[in-house]
Protein chains: 2
Amino acid sequence: MARTVLTPREQDFPQWYQDVIAKAELAENGPVRGTMVIRPWGYAIWERMQAAMDARIKAAGARNAYFPLFIPESYLNREADHVEGFSPELAVVTHAGGKQLEEPIIVRPTSETMIGEFMAKWISSHRDLPLLLNQWANVVRWELRSRIFLRTTEFLWQEGHTAHTSEAEARAYARRILLDAYADFLRIELAIPVVPGRKTRRERFAGAVNTMTVEGMMGDGKALQLGTSHEFGQNFAQAFDITFTDAEQQSRLAWTTSWGSSTRMLGGMIMCHGDDDGLRLPPRVAPVQAMITVIKDGDGAPAAVAAELVDGLSAAGVRVELDDRTDLPYGRRAVDHELKGIPVRVEIGPRDLVDGQVTLVRRALGIKTPCPVADVVSATVRALADDHDQLLTEAERFRDDRTADVTTVGDAIEAARSGWARIPWRLLGETGEDELAAQGVTVRCLVHPDGRVPDTDDAAAEPDLVAIAARAY
Amino acid sequence: MARTVLTPREQDFPQWYQDVIAKAELAENGPVRGTMVIRPWGYAIWERMQAAMDARIKAAGARNAYFPLFIPESYLNREADHVEGFSPELAVVTHAGGKQLEEPIIVRPTSETMIGEFMAKWISSHRDLPLLLNQWANVVRWELRSRIFLRTTEFLWQEGHTAHTSEAEARAYARRILLDAYADFLRIELAIPVVPGRKTRRERFAGAVNTMTVEGMMGDGKALQLGTSHEFGQNFAQAFDITFTDAEQQSRLAWTTSWGSSTRMLGGMIMCHGDDDGLRLPPRVAPVQAMITVIKDGDGAPAAVAAELVDGLSAAGVRVELDDRTDLPYGRRAVDHELKGIPVRVEIGPRDLVDGQVTLVRRALGIKTPCPVADVVSATVRALADDHDQLLTEAERFRDDRTADVTTVGDAIEAARSGWARIPWRLLGETGEDELAAQGVTVRCLVHPDGRVPDTDDAAAEPDLVAIAARAY
């Protein structure tokens, strides 16, 4: 029905993505290069995502805090690798309060250095560890080629930073966040079947000894990194002097981790589940799960039934809204609800009501079925649960169909035209990785065939490692 | 018990305030001038405040969105009064992506101009109105004399911006937020009995035609502005070209409002309820409402009772935590819980347990009573409800005791040494207001004797107006 509104995905996927964002009123570009305005519909989805992610982070024992936006330039010079990774992306405040500043100020691209500084101050004894901190904040990385949600000059994220007494504990915690927070959230709330894995040395975060990732396949077969979790070993603790006295009164360096996920996940959700009619919202994060739509209200009966259904659905815990704008053409309203991805639409018109029926439209499956008024609440509750599973299954099937097992660089490049290549890491190696990169194909992560996250990126130590290679956002 | 830890309030109120913030681990100064780090305990309180305020804002029909941190310098020149109000406070980004920028970028001190720009874009018909937007964000205003929570270079806030078809509707909405969101939140969640009123012309927000405020009295008798709501008339609509076509197809200018509340409310909560032992948290925003404290665990009986009480209180909806660090001196732990303001402490030691009793300590009232184990849950639930009322009543009594009705500028200045002066506005007038200001006393707001918020600041039109004059933060 909405097919004329959006550029079809097959024709031009990036244009389709932009169209969806604009027509579903999710976001638009801000006036300063690469910035974005997140509109109410987009932000309401983000709020639900944020709440669900926050609950998982708190369940993992981390506590929220807030650190300043402004970082003294000198902080960034403490960890050489780290600053090198960021310097071309920095925004710098040189004037404030009507004067030139003595020391320029960096607008945070991440808070590693700031939080490292305070960890050093707050930690003295092993009793202060683990210190598990998280913050929800905006960060700024200057982008020349921005794309809303995927790569913007300013974005919203959470960044966790933790310090531990041992390497084993830090390692376990970084994995716990990767699996129990990120992978679980993406699967259970966003219906995105991500692959958790380990980055190769080439793709590692600046300053980290290990970067882990969760990768999702988008509707064009490309990969999107949806969250990362890093172990820093003792590098950051060394640079920021994060030490503790152990039970034997010895001073020791802490082991630190950091991990982040961002508004980029909104982009992933759009590109994983969207279709040519617009967004398809995973029901658990849909701000409106059911839209009760009065098509035409002849004798007042549709409006009465609509009010009754709004009450019934609300009482059943469904987030429901009423669209009774019968002065607007029905088709236009339906197109709008489809574009916005509202999971269930209940259409009420005088004609069907004669038989005591309404029409239930399920966005995820694109099916319309008549439904007795008395069954609408239970049918909607069932549909919402089922649609989540359907979206997840569909995405899994799509990913598996578009993933090829290969053994040569040439075949990997070929497979990456439409999807992902799986290639044994011992066959590919860092040389093969460079050859792929020259063709715009990257190793998204290393995994074990059974899905476990590798302990190393050393094919000698873990000979069964598989590299997942793809083009990526 | 904690009296040795903090500077007494009578001795040095500002120092006491700083001590509480440090010792209760609420926040500390950031490395860049005037910035702050909100530590986990402070942030957990803020999160509860934010949730309760957000619910009220949504109940008033506003929808959350997110606008960029960075504003092109040119935007600020559109509304001359507005930019003049802010220019000495601006932080300016001049370099980004490794280059000098062609146009400098302002780090938002507020988003009026940014949101005005987008409102103009999104509004075309009267059907698009009212447009009710809110955002939770960080803003930056360069401060030379900062004080944590009260006046910081960067702070967290919500800013609402709305556009309406008529002056009456805009006026009603600005009042609705002032009363149903701000005043209600401060009273019902923070137990702060604020006075809602109208600012005089002198104290009005730059560019506004009317600024309304909610003012609270702090423990030293000074006033703190805890939230403001502004009507802009058509000034902003004019500057940003926010127009709509009405039902008769005529193009008309919209009427806009804006309103904000911030982390400053945390400062207000501390200064309204804190005592010489530290913070006293209003129970509804306390991250931990009851601390089950094992004093000493001889035979394991205290630990068993503690576990049982944690379960029982959780089941009753109380936010409860267990302190079983019996290897630390009990006194030190108690001092810490008092400093942090945890409303109820349940002390469990082997001695009392012989009689089947524990000790209930109520922070707000400073009383300790023995309590049978079986009654702890119900006694705690009652105490939490009661403590809120007690804090509110105490603050009301304090405010009323420290408020004097006067008729001369001299008496007002005298009254403002220890509290607030109420003086008829027709007697004071703008000349008297200037005389007060010369002595560091400002008119916090104008009110009607019955508490209503005035429609004007014109003593001829509303002869019974009363000015509340005080020293303020």
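Each Lys or Arg adds one and each Asp or Glu takes one away; over the other residues whose Cβ falls under 13 Å from the Cβ of residue B:267, this sums to +3.
Shape of segment A:268-309 from its Cα gyration tensor (a ≥ b ≥ c, root eigenvalues): rounded if a/c is under 1.5, otherwise prolate when a/b > b/c, or oblate? It is oblate, given that a/c is not under 1.5 and a/b is not larger than b/c.
May I ask you to derive the FRET efficiency for residue A:448 and residue B:100 from their Cβ-Cβ distance with R0 = 60 Å, giving the value to the nearest 0.05? After rounding, the FRET efficiency stands at 0.75. Rounded to the nearest Å, what's the spacing between the alpha carbon centres of segment B:158-230 and segment B:408-451? Just the number, please. A separation of 19 Å, based on Cα centres. At the listed q of 0.07 Å⁻¹, the Debye profile of chain A, built from one uniform point per Cα, gives log10 I(q)/I(0) equal to -0.42.
In a DSSP loop and with at most 14 other Cβ atoms within 10 Å, the trypsin sites (Lys or Arg not before Pro) in segment A:273-336 are A:296, A:325. Beta-bridge orientation, segment B:251-397: approximately 55 percent antiparallel, per DSSP, counting only bridges with both partners inside.
With the label put 7 angstrom out from Cα along the Cα-to-Cβ vector, residue A:418 ends up 8.6 nm from the copy partners, going from closest to farthest.
All other residues whose Cβ lies under 15 angstrom from that of residue B:389 are scored, Lys and Arg at +1 and Asp and Glu at -1, for a net of +2. Take the Kirkwood radius over Cα pairs of the protein assembly as shown, plug it into Stokes-Einstein at 20 °C and 1.002 mPa s, and you get 70 µm²/s for translational diffusion. Note on A:25-33: average number of Cβ atoms from other chains within 10 Å of each residue's Cβ is 5.
Taking 7 Å steps out from each Cα toward its Cβ at residue A:375 and residue A:427 produces label points 5.2 nm apart. Entry note, the protein assembly as shown: the mean residue ellipticity at 222 nm calculated from DSSP H runs of n ≥ 4, each adding -39500 (n - 2.57), is -10000 deg cm²/dmol after division by the residues and rounding to the nearest 500. The residues packed around residue A:299, meaning those with a beta-carbon under 14 Å from its beta-carbon, carry a net charge of 0 if Lys and Arg are +1 and Asp and Glu are -1.
Across peptide B:97-106, the average count of Cβ atoms from other chains found within 10 Å of a residue's Cβ is 4.
Counted by neighbouring Cβ atoms within 10 Å, the residues A:322, B:281, A:309 run from fewest to most as A:322, A:309, B:281. Per residue, the average separation of C-alpha pairs within less than 8 Å and at least 6 apart gives chain B a relative contact order of 14 percent.
In a DSSP loop and with at most 12 other Cβ atoms within 10 Å, the trypsin sites (Lys or Arg not before Pro) in segment A:141-202 are A:145. Here the calculated FRET efficiency for residue A:404 and residue A:47, from their Cβ-Cβ distance with R0 = 35 Å, stands at 0.35, rounded to the nearest 0.05. Rounded is the label for segment B:288-383, because a/c, from the alpha-carbon gyration tensor with a ≥ b ≥ c as root eigenvalues, stays below 1.5.
Relative to the other identical copies, residue A:329 shows label-point distances of 8.0 nm, where the label point lies 7 Å from Cα along the Cβ direction and values run shortest first.
In plain terms, the residue of A:122, A:46 with the fewest other Cβ atoms within 10 Å comes first and the most crowded comes last, giving A:122, A:46. Remark: label point of residue B:431 defined 7 Å out from Cα along the Cα-Cβ vector; separations to the same position in other copies 9.4 nm, ascending. By the Stokes-Einstein formula, at 0.692 mPa s and 37 °C, segment B:403-470 with its Kirkwood radius over alpha-carbon pairs has D equal to 284 µm²/s. Let me make sure I get this right: for segment B:13-273, a, b and c are the square roots of the gyration tensor eigenvalues over alpha carbons, sorted descending. Under 1.5 in a/c it's rounded, otherwise prolate if a/b > b/c, else oblate. Which is it? Oblate.
With neighbours defined as other Cβ atoms within 10 Å of a residue's Cβ, the residues B:269, B:291 order from fewest to most as B:291, B:269. The label-point distance for residue B:188 and residue A:125, in a model that sets each label 7 Å from Cα toward Cβ, rounds to 4.4 nm. Legend: mean number of C-beta atoms from other chains within 10 angstrom of residue C-beta atoms, peptide B:112-120, equals 2.
Readers should treat all values here as calculations from the given coordinates under stated rules, not as data from a laboratory. Just so we're clear, the structure is a prediction, and the values are computed from it rather than from any experiment. When we count neighbours, we look across all protein chains shown, and the Cβ atoms used for this are built from the backbone with ideal geometry, even at glycine.
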